[in-house]
Every structure is written in C-alpha cells, then in structure tokens.
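Inspection log for the structure reproduced underneath, given as structure tokens.
The values are calculated or read from the model by the stated rules, or taken from the named source; none is laboratory data. The shown structure was predicted, so the numbers you read here are calculated from the model rather than taken from an experiment. Counting neighbours? That spans all protein chains shown, and the Cβs are built from the backbone with ideal geometry, glycine included. Calculation scope for accessible area: heavy atoms of the full protein, side chains included, ligands and nucleic acids excluded. Shrake-Rupley method; radii C 1.70, N 1.55, O 1.52, S 1.80 Å.
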Amino acid sequence: MTQDDDTPHPNKDYDLSTPISSTSGLRQGLTSYGDSHFSLFLRKVFIKSLGYSEDALSRPIIGIVNTFSGFNPCHATLPQLIEAAKRGVQLNGGLAIEFPTISVHESFSYPTSMFLRNLMSMDTEEMIRSHPLDACITIGGCDKTVPAQLMGGISANKPVLPLITGPMLPGSHRGKRIGACTDCRNNWAAFRAQEIDIEEISAINDELAPTIGTCGVMGTASTMACVTAALGMMPLRGASAPAVSSARLRIAEETGANAVSVAKVKRKPQEIMTEASFLNAITVLQAIGGSTNAVVHLMAIANRHPALQGVIKLQTFEEIGRKTPLLIDLKPSGENYMNDFHYAGGMLALLLTLRPLLELSAMTITGQTLGEVLDASTFRTFPLSQQIIRPLNNPLYPDSSLTVLRGNLAPNGAIMKASASKDRSLLSHTGPAVVFENTADLATRIDDPDLPVTKDSVLILKGIGPIGNPGMPEAGLIPIPRKLAESGVKDMLRLSDGRMSGTAGGTIVLHISPESALPESPFGIVETGDLITCDLAGRRLHLDVSDDVLNARVEQRKQTLEEQGVLAQRKRRRGYFGLYERSVNQAQDGADFDFLAANGPSDD
Ligand code: FES
C-alpha cells in the first residue's frame with residue numbers, strides 16, 4: 001500500500017479553483033514558476049523528502065539561524081542552543097527549521113570582522129525575506145554577529161527573535177581573575193613594557209578564554225547583548241547568562257516559545273525597535289560604559305528603519321550621555337566580569353535602577369511594554385548587586401561614558417570613551433602630533449628608538465576608517481611606543497578614524513569623520529608637529545592651524561590623490577572589496593552600505 005492510498009481526502013492546496021493567497025507558513029513567498037499551485041506542490045515534494053507530515057507543515061514555521069563555525073568559538077554552543085530553541089518551538093505548536101548564514105569571529109577575519117558585518121546582514125536579511133518563515137530566531141553572540149542580525153532583521157521586517165550565545169566565564173592566573181579580552185590587552189601591554197616575561201605571557205594565554213562563549217567583559221559582544229535586551233528584542237536574562245549555564249539553555253527554550261507567539265501576532269522588528277526603544281538602548285549603553293563600537297552598530301540599525309533615519313543621530317548619544325552616569329563596575333571601565341553582572345541581577349537590576357531615565361512605553365518582544373516588564377518584577381537589590389550595579393546616586397563615573405567630540409579635525413564627529421581613560425588629565429590636553437599614515441607605517445615606526453615622541457605627544461593613526469582599511473579595523477588602541485612604555489607611561493592621547501575593541505581602554509578618540517581616506521578629510525592633512533587639542537568638557541577636537549592653512553592642505557591633498565589615481569582605482573575594484581569601498585558610509589551613519597539604509601543612498 002502506498003502513502004497515497006492512505007490519504008482520505010484530496011489536498012485542497014492543489015485545488016486549482018482556489019487561489020493561494022496565504023502570507024503565512026509554507027504558502028508564503030512561493031518560488032516564481034508562474035503557477036502558484038505548482039510552486040507549492042513542488043515545495044512540498046522537496047520538504048517531504050525530509051520526512052515532514054502535512055500536520056507538521058501546517059504549523060507556524062520558525063526559522064532558526066545557525067551561525068555555528070569551527071572558526072567561531074564564541075558560537076560553539078550553537079548545537080545545544082538550537083536543540084533547546086527547537087524544544088521551545090515545538091512544545092508550543094510550531095515547526096522549527098534551522099538554516100545557516102555566515103558566521104564571523106573577531107580574530108579570524110581579515111582584514112577585520114567589521115568588513116564582513118554588512119555582508120552578514122545582507123545574508124541574514126535575504127535568507128529571512130526569501131524563505132517561508134513566520135518568525136525567525138537569530139542566534140549570534142560574537143561582536144559583529146548580533147548587529148548584523150539586527151540590521152538584517154529590521155530590514156526584512158519579519159518577526160525576529162535574537163538569541164545570544166552568552167559570555168564566557170573568567171579564568172585565573174596566579175590567584176587573580178583574568179578574562180578576554182581587557183586582560184588580553186593589559187597583559188600584552190605589560191609584556192611589551194617588559195613587566196612580565198615570555199613564560200608568564202604564555203601561561204596567561206592559556207587562561208584568558210577558559211570556557212567557550214563571548215568575551216567576558218563589557219566589550220562589544222556583551223554591550224550588544226545588553227543593548228538588544230534594552231531594545232526590547234529578547235528576555236532580559238538573555239543579555240548576561242553565562243554561555244555554559246543551564247540558564248542559557250532555558251532562555252533558548254523560552255525564545256522558541258516566544259517565537260511561536262510572536263509569529264501568530266506577526267509582531268515585527270520595526271514595531272519593537274522604535275525611537276523609544278533606541279533611546280532606552282542608548283541610555284543602557286551609557287550606563288554600562290559600553291563599547292564605542294555599539295555607537296556605529298546602533299546607527300546602522302536605526303538607519304535601516306524608515307521612520308528613524310535622521311531621528312536617532314550621533315548627537316542623541318551625547319544628549320543621553322549628559323544625563324546618564326556610568327553605573328556598571330565591569331572591565332574595561334571597572335573591575336568585574338559579565339558573570340558578576342549576571343549574578344548581581346543583570347539587565348533587570350540595571351533597568352530598575354535606570355527606571356527614571358527610561359521610556360517605559362517602549363514595546364518588547366512579548367507584547368508587554370518595558371514598564372509592564374519592570375512592574376512585574378520581584379527583584380530586590382542586595383549588597384553584591386549594588387557593588388556591581390551602582391545606584392544612580394553613587395555612580396562609578398558621574399558623566400557620560402561615551403562622548404561625541406567635534407571640531408575642525410572632526411566636523412562630522414568622533415567618539416571617545418571617557419570612562420575608560422587611564423590618565424584623566426589627558427581628557428583635556430594639548431600636544432604635538434606624531435602621525436602614522438596607516439597601520440603598516442605604525443608597525444614599522446612605533447617602537448623606533450628615534451621616534452620623536454614624548455608622553456605629551458598625540459599619537460595619530462590615519463587610514464583605518466571604513467574605506468581606508470576596509471572595515472575600520474580595531475587598531476585605534478595605538479600601542480604606547482616601547483621606549484615610553486618601558487619608562488612607565490601607561491596612557492597617551494591617541495586619535496584615529498578607526499575603531500577599537502570594546503574591551504580596550506585608554507584616552508582614545510575614534511571614528512573621526514570624515515575619515516582620512518576621503519579627499520575632503522581634515523584628519524587626512526594632519527602633520528607631525530601640529531598641535532592638537534582634546535577638550536572633553538567642551539566636547540572639542542581641534543587642530544591648531546588656521547582655516548587658510550587647513551583648506552590649502554586639503555586642496556593640495558585632493559590633487560595628490562587624483563594624480564596618484566587612488567580615487568579612480570576605487571571605482572574599478574572588483575568583488576566584495578570593490579562593493580565595500582564604493583558603498584560604505586561613514587562611521588556616524590553606521591558604516592553600513594548606503595544602498596541598505598531604509599531610504600537607499602542619499603544624494604551626497
Ligand atoms: Fe567573540 Fe570577543 S571574540 S566576543
């Protein structure tokens with residue numbers, strides 16, 4: 001007997017007199033064969049080869065984005081998370097179907113993971129848009145993956161539920177806790193300064209990432225996890241539960257359950273990620289002393305929303321920062337690790353503390369407002385909680401942790417994480433520039449004993465903006481020249497048009513715009529010996545040359561770039577590299593591709 005002999009009734013999907021008009025389940029987004037009934041018929045032919053029944057195929061379909069990669073240890077728990085998320089979907093009457101997108105880790109992508117963020121966002125957007133999904137769980141964690149998935153999700157605007165892989169636990173070296181990646185950088189700096197030897201740095205290397213998961217400090221991954229929760233896109237515990245905890249798997253199961261509910265009401269990302277949600281996310285970003293990278297990512301995500309272009313701006317970060325103190329005592333601004341934040345109450349405790357500064361009417365993924373989520377909480381503060389998550393009247397740092405600087409050197413803005421400065425006298429400082437034209441120049445000369453540099457110099461690194469070294473690499477933490485490091489200098493004022501890791505600290509000005517690769521960039525014409533002023537209180541970044549000199553240098557440089565054929569070369573370059581160079585916008589717009597912004601490329 002064949003299966004067909006068992007079929008009691010003809011399947012009405014093949015009734016040619018009834019048009020297929022459904023926008024849900026397997027019937028949505030049919031492949032274009034010019035005959036919708038045949039398209040559905042064929043789709044069922046192939047999916048049934050996997051053994052699915054008509055009953056299974058009639059359920060809400062929940063896609064699960066699988067970003068497992070052998071090159072991405074931050075995502076090593078994907079198999080368990082997928083299993084738990086599927087359990088949540090299927091216990092609630094949905095059908096879970098996983099599919100891959102690209103996966104990007106910080107340390108394995110050349111020239112930098114950020115180069116691939118926009119590609120991953122396009123992959124995510126188009127896979128969600130083109131497949132018959134009623135909702136989609138996007139599993140990410142490592143720095144660029146969550147922003148890419150939010151960018152793709154908000155553009156596709158189908159129900160999307162982020163699920164974060166979660167932070168690793170800290171390790172231990174000689175009785176002291178250490179963890180990726182603030183301590184990677186601190187210890188490397190100590191090694192460069194010959195404060196620790198090669199045996200010790202080798203031993204430390206073994207302990208910095210003692211479990212799988214994302215970096216265990218308030219770096220970009222943790223920041224984006226907190227910001228995603230603040231946007232209302234996921235359960236609050238999902239921001240901080242350790243990667244290797246059972247709590248993390250329960251969050252995955254809950255996400256699966258939420259996905260079925262969200263699919264039924266078709267709650268879309270553009271309804272959740274509104275202006276109010278972004279204001280909350282930026283408030284959280286300031287309160288956690290979050291990564292400077294989050295500024296770029298949030299701008300990219302906001303600019304994908306048709307109603308938010310020009311509403312959420314770089315200045316929004318500055319305005320919110322002025323009324324939001326730094327409350328979280330986590331590295332790199334403080335001393336602790338993400339598991340401490342989680343045990344202290346995590347995002348729930350933080351949002352309860354920040355309540356007077358929040359937009360409580362903002363919608364969350366479950367349909368509750370943020371105010372309703374907080375009202376339903378029974379959380380009470382306790383001594384550990386207040387050590388890690390300070391009250392508003394006893395902050396770790398009273399002013400903005402992330403500040404926006406402007407001036408003739410950065411007419412379109414620059415970012416500084418003031419809270420991570422190691423020498424606060426440098427926050428108001430004037431000194432002579434020592435210029436490196438690009439990372440190769442930096443590598444060649446930074447440790448040259450004859451480099452004309454003192455602790456008062458201002459180190460300048462050009463050529464690492466979105467176009468200059470495509471992807472804006474995290475080279476903004478310019479190393480202290482070895483001869484100064486060996487004499488005990490721990491911090492200097494450092495400026496670049498690139499980014500730095502969210503786990504790094506120092507008096508570092510980043511994202512200077514327009515970047516030096518653009519012919520009109522004032523940053524591109526800085527010369528060694530020019531005096532530069534950083535004035536945090538005045539939010540000012542100034543090159544001490546007259547307007548006439550500045551304009552003359554810009555004109556001269558435009559001519560040189562033209563003669564060298566640099567600009568013509570950019571127009572001709574092939575492949576993704578060429579697409580990137582021609583389409584990426586500047587840091588203040590999110591370093592996204594201009595054609596991916598909600599309203600497409602602007603005229604300028
Ligand atoms: Fe993946 Fe730090 S390397 S989060």
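For region 195-227, filtered to residues that are away from the ligand (no atom under 13 Å from the Cβ) and touching a helix residue (DSSP H, G or I) at 6+ places or on another chain (Cβ under 7 Å), the residue that is nearest to residue 241 (Cα to Cα) is 226.
Filter region 282-296 for residues that are surrounded by 24 or more Cβ atoms within 10 Å (Cβ to Cβ) and either among the acidic types (Asp, Glu) or touching a Ser or Thr at 6+ places or on another chain (Cβ under 8 Å) (or both) and give the result. Across region 282-296, the qualifying residues are 282, 285, 286, 287, 288, 289, 290, 291, 293, 294. When region 385-410 is filtered for residues that are within 24 Å of residue 340 (Cβ to Cβ) and either aromatic (Phe, Trp, Tyr) or open to solvent by less than 70 Å² (accessible area, probe 1.4 Å) (or both), the ones remaining, listed by number, are 385, 388, 389, 390, 391, 392, 395, 396, 397, 400, 401, 402. Sub-6 Å Cβ pairs linking a first residue in region 97-124 that is more than 21 Å from residue 585 (Cα to Cα) to a second residue that is of a type in the set (Asp, Glu) and not in a strand (DSSP E or B), at least 6 apart or interchain, are 101/123; 102/123; 106/143, ordered by first then second residue.
Being outside any loop (DSSP other than H, G, I, E, B), open to solvent by 10 Å² or more (accessible area, probe 1.4 Å) and within 30 Å of residue 109 (Cβ to Cβ) is the filter here, so list the residues in region 49-72 that pass it.
Correct list: 66 only.
Can you name the residue in region 475-520 that is more than 26 Å from the chain's Cα centre (by Cα) and among the small types (Gly, Ala, Ser) and, of all such residues, is farthest from residue 220 (Cα to Cα)? In this case the residue turns out to be 487.
Looking at the structure I just gave you, is residue 46 open to solvent by 70 Å² or more (accessible area, probe 1.4 Å), farther than 22 Å from residue 244 by Cα and free of Cβ contacts under 8 Å to residues at least 12 places away in the same chain? Taking the combined requirement at face value, the residue satisfies it. Within region 100-129, the set of residues being within 21 Å of residue 583 (Cβ to Cβ) and of a type in the set (Ser, Thr, Tyr) comprises 101, 109, 110, 112, 113, 121, 124.
Residue-wise test of (1) under 19 Å from residue 295 (Cα atoms); (2) open to solvent by 30 Å² or more (accessible area, probe 1.4 Å); (3) free of Cβ contacts under 8 Å to residues at least 60 places away in the same chain; (4) touching a Cys at 6+ places or on another chain (Cβ under 6 Å).
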{"site": "175", "(1), (2), (3), (4)": "no, yes, yes, no"}
{"site": "178", "(1), (2), (3), (4)": "no, no, yes, no"}
{"site": "186", "(1), (2), (3), (4)": "no, yes, yes, no"}
{"site": "191", "(1), (2), (3), (4)": "no, yes, yes, no"}
{"site": "213", "(1), (2), (3), (4)": "no, no, no, no"}
{"site": "217", "(1), (2), (3), (4)": "yes, no, no, no"}
{"site": "222", "(1), (2), (3), (4)": "yes, no, no, no"}
{"site": "227", "(1), (2), (3), (4)": "yes, no, no, no"}
{"site": "233", "(1), (2), (3), (4)": "yes, no, no, no"}
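In region 578-604, how many residues are surrounded by 14 or more Cβ atoms within 10 Å (Cβ to Cβ), of a type outside the set (S, T, N, Q) and part of a helix (DSSP H, G or I)? Total meeting the criteria: 9. Pairs are defined by a Cβ separation below 7 Å, a sequence spacing of at least 6 or placement on different chains, a first member in region 366-389 that is without any contact (Cβ under 8 Å) to a residue 40 or more places away in the chain, and a second member that is part of a loop (DSSP other than H, G, I, E, B); the pairs so defined are 369/360; 369/361; 369/362; 371/360; 371/361; 379/345.
Say whether the condition of being assigned to a helix (DSSP H, G or I), within 16 Å of the ligand (Cβ to nearest atom) and open to solvent by less than 10 Å² (accessible area, probe 1.4 Å) is met by at least one residue in region 127-143.
Let us first name the residues in region 127-143 that are assigned to a helix (DSSP H, G or I), namely 127-130.
Now drop any that are not within 16 Å of the ligand (Cβ to nearest atom), which leaves none.
Within region 127-143 (the criterion being assigned to a helix (DSSP H, G or I), within 16 Å of the ligand (Cβ to nearest atom) and open to solvent by less than 10 Å² (accessible area, probe 1.4 Å)), the answer is no, since none of the residues qualifies.
Under the condition of being open to solvent by 60 Å² or more (accessible area, probe 1.4 Å) and not polar (S, T, N, Q), the residues counted in region 424-447 number 5.
Each residue in region 152-194 was checked for being in contact with a Gly (Cβ under 6 Å, 6 or more places away or on another chain) and away from the ligand (no atom under 16 Å from the Cβ), and 1 pass. Does residue 87 meet the test of being at pLDDT 95 or above, touching a helix residue (DSSP H, G or I) at 6+ places or on another chain (Cβ under 6 Å) and open to solvent by 40 Å² or more (accessible area, probe 1.4 Å)? So residue 87 fits the description; yes.
Where strands (runs of 3 or more DSSP E) fall entirely within region 480-543, those with at least 3 residues that are open to solvent by 10 Å² or more (accessible area, probe 1.4 Å) and either within 16 Å of the ligand (Cβ to nearest atom) or not small (Gly, Ala, Ser) (or both) are at 531-535. Residue 5 falls short of the stated requirement of being open to solvent by less than 80 Å² (accessible area, probe 1.4 Å) and at pLDDT below 95.
Set side by side, the residues 250, 185 differ, and just one is more than 18 Å from the chain's Cα centre (by Cα), modelled with pLDDT of 95 or more and among the basic types (Lys, Arg), which is 250. Among the residues of region 111-123, those identified as away from the ligand (no atom under 15 Å from the Cβ) and not small (Gly, Ala, Ser) are 111, 115, 118, 119, 122, 123.
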